[in-house]
Structure formats: structure tokens, C-alpha cells
Amino acid sequence: MQTKLYINGEWVAPVEGGTLPVIDPATEEVFHHIPAATAPDAEIAVAAAREAFDNGPWPRLTGAERAKYLRAIAQGIRDRLPELAHIETRDNGKPLPESEWDLSDAAGCFDFYADLAEELDGEVEEVKLADDRFASKAVREPLGVAVAIVPWNYPLLMASWKVAPALAAGCTMILKPAETTSLTALELGAIAEAAGLPKGVLNILSGKGSVVGQALVEHPQVDKVAFTGSGPVGSRIMATGAKDVKRISLELGGKSPFVVFADSDIEKAVEWIMFGIFWNQGQVCSATSRVLVEAPLYPRLLERLVEEAGKIRIGNGLDEGTLLGPLVNKSQYEDVLRHIDRAVEQGATVACGGRHNGFDKGFWVAPTVLTDTALDSDAWVEEIFGPVVCIRPFDTEDEAIRLANDSRFGLAAAVMSADEARCERVARAFRAGIVWINCSQPTFTEAPWGGYKQSGIGRELGRWGLDNYLETKQITSFVSEEPWGWYLK
Ligand code: NAD
């Protein structure tokens, strides 16, 4: 495991020498220390990325040449997948098969953007003008030095969603992983180095968001900040970046609804509701944490959900058969428990779950189902970011849509029904950037990802993810033999 920062193709100690402990959330054991970068490291990394962009080969390579490096990184992740998955689970707590899944997706993301890098070559769009004395075309070019700031819930995967398209576009980048889960992001530096990535193209600074993250966002030589994380930090980044008109893309939180109609298969509904909120311990921005069930199905569905939630195997993510690991750290754990206590104070009933006392150490919360949550209660309105679902009945389709959309967030939404036309109608009525029909959460590198309303700005993944790192330039030529005729009549 790395102990240094990756800057300008070298492994260096932080200028001010700080470190942060790495704590296994299942055992509370400190098993490593990561370097804690501060403002002087940000300064050096931005200078390296700037130099690599302004004078280095990277943005001038063809897309096909850049694609080779991206594919080598994808292969590098695959070659080390078991080891990286083990590290991810110890760092984050998630069950090992989920870490393997994430890392395989991360590798796939580099391959996907390698293909798009190749497609950029020779991409020229003729622009038809009303005036035939001119010919015009539009070309797309890398936008410069980008900073990626990512959260702890999918450590290497969230990093890959930004690093892969940025490199494919020809940008250079500084990656700032979350201070709680930086291990695999630092390993990405070793993988990029082994892939022969030119120096300065990718720089990786672990450290506190309020220190090194803030320094990167404030830096005038940074052209773009791509951020995934909480709403308050996203809003602050936008305000800071506005000073020098940085390009900003934000992937923020959610409180996503799942509308289940009475004609649904009850077992399928239970399975997808559980996957929608308990997967990754519910620490998923798009988790469907508000479930609305058509009244005739509600009592039986609630009963089955509580039965099945109680069977979920809780344990160390490294143990075989674990489906729900610990929450990522102490503060997240305390936060989720506070949310559950507050829900009860505000009149909710805990149908199952809450604090899990089965282990001496670690940050455990059992799969929790809350009923009777008032529409204005915190549990119904605020993102909890843990394995906690609120469930309530509804009577009509209109009511379900109104309740589903009654949120300041608009990241995701799901609908389940045997009636295809109704699913389509409700899908279109949701004010959310990601909609699932008859499922919840499956995520594909090819499809756009991002939120309406306060869930963010811009889209990641797919071709939309590449757009985040490109500028569009028009090149217009005067092709007429006639004089322009302004001065010389
Ligand atoms: P967070 O906002 O606390 O931290 C995210 C990142 O921002 C971390 O790397 C952190 O170090 C950094 N940071 C903190 N303060 C900063 C500052 N002042 N300047 C610059 N960087 C700073 O969020 P978190 O707790 O790590 O993640 C949970 C949140 O992320 C949830 O709200 C969740 O919904 C959201 N999320 C969204 C998506 C999505 O795709 N929309 C995906 C995953 C997580």
C-alpha cells in the first residue's frame, strides 16, 4: 500500500509531512497511514498538470494513442483485481464481491473511454451557415487541467468515472480521493505509472477535503472541477469556482423514490426494494430510500420486506456470505443512528433494524425499515446515506407521482408495475436524471448519470461523461472571392 503522493510521475512525501490513519470499519484497527497533502502539494501538482497540458505530449496525441494508455490502465486494474478488492473492502467495509464488482466496472470504464478517445480522432462537424461566403466547422478539444474530487462510497469506481473520460479527452488531472478511502486511488497511480502514462498527466493527492481539496478548487490554474459528494460541499465548490469561471460538474446526493404498484410481483418488489437501499450498506447516492406502495399491496409487502431484511447476513466484508458490512466510519455510523433516533422522535415506527449490537467493534447498522414517517419529517426528506428505508402507502398514480417528486433532490427514481404503459408514463413524470423500471440501481458505463434539481449539474458516464472534459471550438473561413465590402466600396 502506498505511503506517498503521486505527483509528476514520482512518489513524493507531502511537503508538510502529515499523515492520516486508515481504519478498518469492521474492526476499528488502524492498519495503514496515508499521506495528507496540503496547499503546497496542491501547488506542485497543479504546476505539474499545467506543464503536462501546456507543453507535454498528452493533449497533442491522437485519441488512438491515448486509448492505448487507457486500455493498459484497465488491464492493470484487472491484473491486480483480487488484491485491490481486498484493500477496498478493508478501507470501506463493503462485502468483497461488491468490491470485485466495483473494480471490474472501474476497469470497464477505462476500456469504454478508450473507445471514445479513438472516436474523437478526425471528429469534425461541418456547420451549415446561412451565408455561403463562409464555411464553418466545429471541433472539440480537451479543456485543460481538471481536478476530480470523489467520495468514499465507491472509492476507485467514482475516481474512474472522472479519470477515464478526462484522460480520454486529453486533459491532465489531479485526483483527490476521500480522506477515509484513498488506498485504491493511490494504487491507481502505480497502475498509471506501470502503463507508462507521461509524467504530470495524472497526479493523486490524498488528504483532507477542507485543506487540499479546497486549495485545488481555489487554484487559478485549474480549468475544471468535477466533484462527487455532498450538497453543501458541492455548493461551496461552485461558489469558489465561480470566481475564475471554472467549469464545474457536480454529482450530489439524493432521496430517491421507488413507486410500487399493486399489480407487481411481490417477491420481485421485495428483492429490488432491498437491493435499492441495502446494497453497499445504503451508502449510495441513488439509493431508493423512499418507497411508495399502492395501498392494496402495502400490508403484505411490508411484512415480506421486514422478514427478508431480517435475514440479511451482516458481517465483516471479507467473510464469505456477508451481504451487509459496516458503515464506512464512525462519524457516518453515528450520523445514521442519529437519523433513526430522530425519526422515532418525529413519530416514525422502526419496523425492523436499527443499531446492530452483534459485534464488539465496528460500525454496524442493521437493515432498517421505517413506517409512519411524516411527509415533513427529516427521515422522509433528508438523505440518510445508510441502510434505512422509509415506506408508505399511496392510493392513486397521481398521488404517487406528486409524492415522488416532492423533494429538493432529483437524482434517481424507480417504478414497478406489470403495466408497461404505466411504467413508461410514470418514468416520464419523474423529475429525476436516472429512472429504473422494474428494478433499482443497476448502473451502466454507457448510459448518462446525473441529477435534476439539487442532485447536481452535468452528466457523467457515456458520451456525456466525455463532454465534461471537452471544449467546443468553431473554425470559420471566408471562402468567397468577393470583397467583404465594409471599407472598400
Ligand atoms: P463530502 O462532500 O463530505 O466529501 C466528498 C469529497 O469532497 C471528499 O473527497 C472530501 O474530502 C472533499 N471535500 C470536503 N470538503 C471539501 C472542500 N471544502 N473543498 C474541496 N473538497 C472537499 O461527501 P462524502 O461524505 O464523501 O460522500 C457522501 C455524499 O456524496 C452523499 O451526499 C452522496 O449522495 C454523494 N454521492 C453522490 C454521488 C452521485 O453520483 N451523485 C455518488 C456518490 C456519492
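Tabulated data
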read-out	value
Candidates Arg422, Arg408 - the one that is farther than 23 Å from Asn92 by Cβ and more than 16 Å from the ligand (Cβ to nearest atom)	Arg422
Filtered residue count, region 213-226, keeping only those that are more than 8 Å from the ligand (Cβ to nearest atom), in a helix (DSSP H, G or I) and of a type outside the set (Gly, Ala, Ser)	1
Members of region 162-178 found to be out of contact with any Phe, Trp or Tyr (no Cβ under 6 Å at 6 or more places or on another chain), within 16 Å of the ligand (Cβ to nearest atom) and among the hydrophobic types (A, V, I, L, M, F, W, C), listed by number	Val163, Met173, Ile174, Leu175
Considering residues of region 151-161 that are near the ligand (Cβ under 7 Å from one of its atoms) and under 16 Å from Ile87 (Cβ atoms) only, the residue nearest to the chain's Cα centre (by Cα)	Met158
Single unsatisfied condition, Gly196 versus (1) part of a loop (DSSP other than H, G, I, E, B); (2) within 16 Å of the chain's Cα centre (by Cα)	(2)
Filter result for the condition that a residue is at pLDDT 95 or above, part of a helix (DSSP H, G or I) and more than 22 Å from Gly386 (Cα to Cα), over Ile77, Ile87	Ile77
Qualifying residue in region 197-205 (condition: at pLDDT 95 or above and within 14 Å of the ligand (Cβ to nearest atom))	yes
Output for region 10-41, where each listed residue is within 26 Å of the chain's Cα centre (by Cα) and part of a loop (DSSP other than H, G, I, E, B)	Asp24, Pro25, Ala26, Glu28, Ala36, Ala37, Thr38
Some residue of region 89-110 being of a type in the set (Phe, Trp, Tyr) and either assigned by TED's automatic domain parsing to the domain that holds Pro326 or surrounded by fewer than 23 Cβ atoms within 10 Å (Cβ to Cβ) (or both)	yes
All positions within region 339-368 that are more than 24 Å from Asn92 (Cβ to Cβ), in contact with a helix residue (DSSP H, G or I) (Cβ under 6 Å, 6 or more places away or on another chain) and of a type in the set (A, V, I, L, M, F, W, C)	Ala343, Ala348, Ala351, Cys352
Index of the failed condition, Gly347 passing every other in (1) outside any strand (DSSP E or B); (2) under 28 Å from Pro155 (Cβ atoms)	(2)
Among residues of region 227-268, those that are more than 15 Å from the ligand (Cβ to nearest atom) and part of a loop (DSSP other than H, G, I, E, B), counted	7
Matching entry among Glu179, Glu119, Glu126 (being surrounded by fewer than 23 Cβ atoms within 10 Å (Cβ to Cβ), part of a helix (DSSP H, G or I) and out of contact with any Cys (no Cβ under 8 Å at 6 or more places or on another chain))	Glu119
Count - residues of region 179-196 that are away from the ligand (no atom under 15 Å from the Cβ) and not charged (D, E, K, R)	7
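Let's see how each residue does on (1) within 30 Å of Lys128 (Cα to Cα); (2) in a loop (DSSP other than H, G, I, E, B):
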{"site": "Arg402", "(1), (2)": "no, no"}
{"site": "Ser407", "(1), (2)": "no, yes"}
{"site": "Ala427", "(1), (2)": "no, no"}
{"site": "Arg431", "(1), (2)": "no, yes"}
{"site": "Gln441", "(1), (2)": "no, yes"}
{"site": "Thr472", "(1), (2)": "yes, no"}
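The values are calculated or read from the model by the stated rules, or taken from the named source; none is laboratory data. Because the structure is predicted, anything quoted here is derived from the model rather than measured. Counting neighbours? That spans all protein chains shown, and the Cβs are built from the backbone with ideal geometry, glycine included.
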